[in-house]
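Trainee: Let me give you the structure first, and then I'll get to my questions.
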Amino acid sequence: MADSGAGNPGDPRRRKALQEMARFGGGAAVAATMLTGFGVSSRAKPAQTLRPPGALPEKQFLSACVRCGLCVRDCPYDTLNLSDWADGPAVGTPFFVARNVPCEMCDNIPCVKACPTGALDHSLTDIAKAKMGVAVITSRETCLNLQGLRCDVCYRVCPAIDKAITLETSHNARTARHAIFEPVVHAEYCTGCGKCEKSCVLNDAAIKVLPIEIAALKQDEHYLRGWEEKKKSGAPLVDAPLKLPVRKPDAGGAP
Amino acid sequence: MTANARPYREARAQKGLWASTRFLVLRRISQLSFLALFLSGPLFGIWIAKGTLASSMTLGVLPLNDPFIFLQSLAARHWPEGVAILGTAIVLGSYLLLGGRSYCAWVCPVNPVTDLAAWLRRRLGITYTAKVRPELRLYFVVGVLAASAVSGSMAWELINPITALHRALVFGLWSGACGAGAIFIFDLFVAKHGWCGHLCPVGAFYGQIGRVSLLRVAADNRAACDDCMDCFAVCPEPHVISPALRGERSGTSPVIASGDCTLCGACIDVCSKRVFNLGLRARSGVAPTNSATVTASASQVAPTRRSPERVAP
Ligand code: SF4
Ligand code: SF4
Ligand code: SF4
């Protein structure tokens, strides 16, 4: 095969090769565009989707989880499900519905151990540090404790009782004789296991676990908390307390 | 040329039932065993293989991972943990020995679906087929990896009907099986061997491994070929046969070199002249063909027409 004109722009072989390449590129581009659009659109996570303990942030999770279901298989309480097309979360990925079966917060975290890819982060070894979501009183109008009744169920079932949920008392203005025991969730300790949501006695739970990105937003950086800054710098932020004039009728300072 | 609607009839008459259905039976057994390994746990509580074809753990010691999914994960910029890397290496290694697309014919749950469509096609005499170029699936491979990179998620796994079907079977997520139905309709009415032969990027990817793998089908006995064309009628990738079967004059090796071959053995079953064998790529018993008369390259050797005197009774 003599290579007399293969490099020549007019050479039919070269033209054919270029056409092939263009077609290949075009075909790949069409396929890629369609799939990308689909991929990006299905990256949205429904507001109620809870991932297993140790799950990477959603975007990394979707590039890591191979949808094998090994975590689902190794969960002893059948908490986890694989998402089907109609379920909402990206198809084939694990999730759980706290109101159906919450996470029992196993000490040895078998779901994380089973994950072959690290989509569930293997550095999570203390289940109390899990952040599957965070519980929020979503209905102050119906929560029995907030109505001045004593229910306390969510508080009592919480595996991190008195840390993740506390009961804060306040005066019951309606009866004027009783106290209100308000369940208050502390995001720092809440693992998002969902036992509180599961056990809420109302038909529609007044406490719900929401994904972190929805429930617990980051503190705005431009608001500084004086007491924290004080702790950080080890000294008061202003040199001395401000001196204000004393406003008393007999002090004579004020008009 | 119309395809023979009953290509196995002659082989059965000449070689007997077993020799003409051997590979089909073995493949069905293999496919069912793979499924049984995964189903013994959920059905009977005996956990042999956990997970799905995407990633599995057998008896708690043997991890297996799909290399194409691994690649998508890399494209989406996640470097998997050790177990997934080991599992991928084991699968890659086995298919380097066993022929990349042997996965397609011996393991993949979609194969019985497309085989059924192909069989029905022959029986119903459906000859219409859309012209889809086989390399379209290579575009898909590139497209899938590009889409994974851009979207940062495993693009193909969002719609992959193979893993969806496997999940459907193993986890009971039935809506995931719709894809299998779509493939069946597509193969039956739109394009002959359309899905596996032209579209599926997983098979295309394994096909690239198959270009160098050790186990191969070869037309060792091609001198005996009487041009009945039955092998072309049953092969899901008929274009792989010609170079090996018709390459005698050009001195082309009788080994089917193309990675597209799924090693399903249908040609071995269907041939009444026992032309084909399964064996290692480098064969000792094959006499070098007449290389002095090399005149045409393999691709130029067109399959000859069915000889008129051999029209099936
Ligand atoms: S910690 Fe235990 S109960 Fe919770 S999801 Fe993992 S395996 Fe299941
Ligand atoms: S084990 Fe890991 S990779 Fe498999 S489905 Fe669960 S999170 Fe995804
Ligand atoms: S989700 Fe509810 S039960 Fe679980 S740790 Fe948080 S407050 Fe407690």
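The values are calculated or read from the model by the stated rules, or taken from the named source; none is laboratory data. Note that this is a predicted model, so its numbers are computed, not measured. Neighbour counts are summed over all protein chains in view; Cβ atoms, including those assigned to glycine, are modelled from backbone coordinates with ideal geometry. SASA here: full protein model, heavy atoms, side chains in, ligands and nucleic acids out. Shrake-Rupley method; radii C 1.70, N 1.55, O 1.52, S 1.80 Å.
Trainee: Quick query: amide H of A:Ile207 versus all other amide H atoms, modeled in the peptide plane; which residues come in under 5 Å with a sequence gap of 5 or more or a different chain?
Mentor: Amide H neighbours of A:Ile207, under 5 Å, 5+ apart: A:Thr138.
Trainee: Which value, in Å³ per residue, describes the convex hull spanned by the Cα atoms of segment B:228-267?
Mentor: 63
Trainee: Bin by bin, in steps of 20 Å, what percent of the Cα pairs in the protein assembly as shown do you find, going until the bin that has the longest distance?
Mentor: Going from the shortest bin to the longest, the percentages are 17, 40, 25, 12, 5, 1, 0.
Trainee: When Lys and Arg each count +1 and Asp and Glu each count -1, what net charge do the other residues less than 13 Å away from A:Asp84, Cβ to Cβ, add up to?
Mentor: +1
Trainee: Per residue of segment B:245-260, what does 6.51 cos²θ - 1.76 cosθ + 1.60 with θ = phi - 60° give for ³J(HN,Hα)? Whole Hz please, x for Gly and Pro, Karplus curve as stated.
Mentor: With coefficients 6.51, -1.76 and 1.60, one gets 6, 9, x, 4, 5, 7, x, 5, 4, x, 6, 6, 7, 4, x, 5 Hz.
Trainee: Report the local net charge at B:Arg27: Lys and Arg +1, Asp and Glu -1, summed over other residues whose C-beta lies under 13 Å from its C-beta.
Mentor: My count for the surroundings of B:Arg27 gives +1.
Trainee: How tilted is helix B:136-151 with respect to the longest principal axis of chain B? Cα atoms for both, answer in degrees (0 to 90, nearest 10).
Mentor: Between helix and principal axis, roughly 10 degrees.
Trainee: Here is a further query. Work out the mean other chain Cβ neighbour count within 10 Å for the residues of B:48-61 and drop it here as an integer.
Mentor: Per residue, the number of nearby Cβ atoms from other chains is 4 on average.
Trainee: Please report, for the Cα atoms of segment A:115-225, the Rg to one decimal and the Dmax as a whole number; what are they, in angstrom?
Mentor: According to the Cα coordinates of segment A:115-225, Rg and Dmax are 16.1, 58 Å.
Trainee: Just grab the label-to-label distance for A:Ala240 and B:Arg77, each label 7 Å out from Cα along the Cβ direction, in nm (one decimal).
Mentor: The answer from the label model is 5.5 nm.
Trainee: In straight Cα distance, which lysines are under 29 Å from A:Lys195, not counting same-chain residues fewer than 8 positions off?
Mentor: Straight-distance partners of A:Lys195: A:Lys45, A:Lys59, A:Lys113, A:Lys129, A:Lys131, A:Lys163, A:Lys208, A:Lys218, B:Lys50.
Trainee: While we're looking at this one, here's another question. Taking the Cβ of A:Glu197 as the center, what net charge do the other residues with Cβ under 13 Å away carry, scoring Lys and Arg +1 and Asp and Glu -1?
Mentor: Every neighbour counted, the sum reads +3.
Trainee: Once you have the alpha carbon radius of gyration of segment B:1-56, what is it after dividing by 2.2 N^0.38 Å, with N set to its residue count? List each step's numbers first, then the result.
Mentor: Working: Rg = 17.7 Å, N = 56, 2.2 N^0.38 = 10.2 Å.
Taking the Cα Rg and dividing by 2.2 N^0.38 Å, one obtains 1.75.
Trainee: Mind ordering B:249-257, A:239-247, B:178-186, A:67-75 by average Cβ neighbours within 10 Å, highest first?
Mentor: Descending packing order for the listed peptides: A:67-75, B:249-257, B:178-186, A:239-247.
Trainee: Show B:Tyr95, A:Tyr77, A:Tyr189 ordered by accessible area, largest first, where the area counts protein heavy atoms only and the probe is 1.4 Å.
Mentor: A:Tyr77, A:Tyr189, B:Tyr95
Trainee: Also: Report the residues of segment B:24-44 in range of a label on B:Ile90: point 7 Å along Cα→C-beta, backbone N strictly under 18 Å from it.
Mentor: Inside the label zone: B:33-41.
Trainee: Mind checking the per residue accessible area of segment A:171-255 for me, 1.4 Å probe, whole number of Å²?
Mentor: 81
Trainee: Based on DSSP H runs of at least 4 residues, each adding -39500 (n - 2.57), what is the mean residue ellipticity at 222 nm of the protein assembly as shown after dividing by all its residues, to the nearest 500 deg cm²/dmol?
Mentor: Working: 21 runs with 211 residues, N = 568.
Here the helix-only value at 222 nm equals -11000 deg cm²/dmol.
Trainee: Now for a different question. Once R0 is set to 45 Å, what does the formula 1/(1 + (r/R0)^6) return for the Cβ-Cβ distance between A:Thr142 and A:Glu228, expressed as a FRET efficiency to the nearest 0.05?
Mentor: According to the calculation, E is roughly 0.85.
Trainee: At R0 = 51 Å, how high is the FRET efficiency between B:Arg6 and A:Asp78 if r is their beta carbon distance? Nearest 0.05 is fine.
Mentor: The value I calculate is 0.55.
Trainee: Nearest 100 Å² is fine: what is the total accessible surface buried where chains B and A meet, probe 1.4 Å?
Mentor: Buried: approximately 3500 Å² between A and B.
Trainee: While we're looking at this one, here's another question. Along its principal axes, what span do the Cα atoms of chain B show, with the longest given first and each in whole Å?
Mentor: Computed over chain B, the largest-to-smallest principal extents equal 58, 41, 36 Å.
Trainee: Further question: What ³J(HN,Hα) values, in whole Hz, does the Karplus curve 6.51 cos²θ - 1.76 cosθ + 1.60 give for segment A:89-106 when θ = phi - 60°, with x put for Gly and Pro?
Mentor: Ordered by residue, 3J(HN,Hα) equals x, 2, 4, x, 8, x, 7, 9, 10, 4, 5, 8, 9, x, 7, 8, 6, 4 Hz.
Trainee: Specify the inter-centroid distance of segment B:206-272 and segment B:121-181, based on alpha-carbon positions, in whole Å.
Mentor: 26
Trainee: Also, quick follow-up: What is the Cα centroid distance between segment B:42-82 and segment B:7-28, reported in whole angstrom?
Mentor: 35
Trainee: For chain B, list the cysteines whose Cβ sits under 4.7 Å from no other cysteine Cβ?
Mentor: Unpaired cysteines in chain B: B:Cys104, B:Cys108, B:Cys178, B:Cys196, B:Cys200, B:Cys225, B:Cys228, B:Cys235, B:Cys261, B:Cys264, B:Cys271.
Trainee: I'd like the FRET efficiency for B:Leu120 and A:Thr175, computed as 1/(1 + (r/R0)^6) with the beta carbon distance as r and R0 of 60 Å, rounded to 0.05. Before the final figure, lay out each step's value.
Mentor: Values: r = 76 Å, r/R0 = 1.27.
Computed FRET efficiency for B:Leu120 and A:Thr175 comes out at 0.20.
Trainee: When the Kirkwood hydrodynamic radius is evaluated over all pairs of different C-alpha atoms of segment B:1-117, what value in angstrom, to one decimal, is obtained? Mind showing how you got there, number by number?
Mentor: Details: mean 1/r = 0.0600 Å⁻¹.
Answer for segment B:1-117: a Kirkwood hydrodynamic radius of 16.7 Å.
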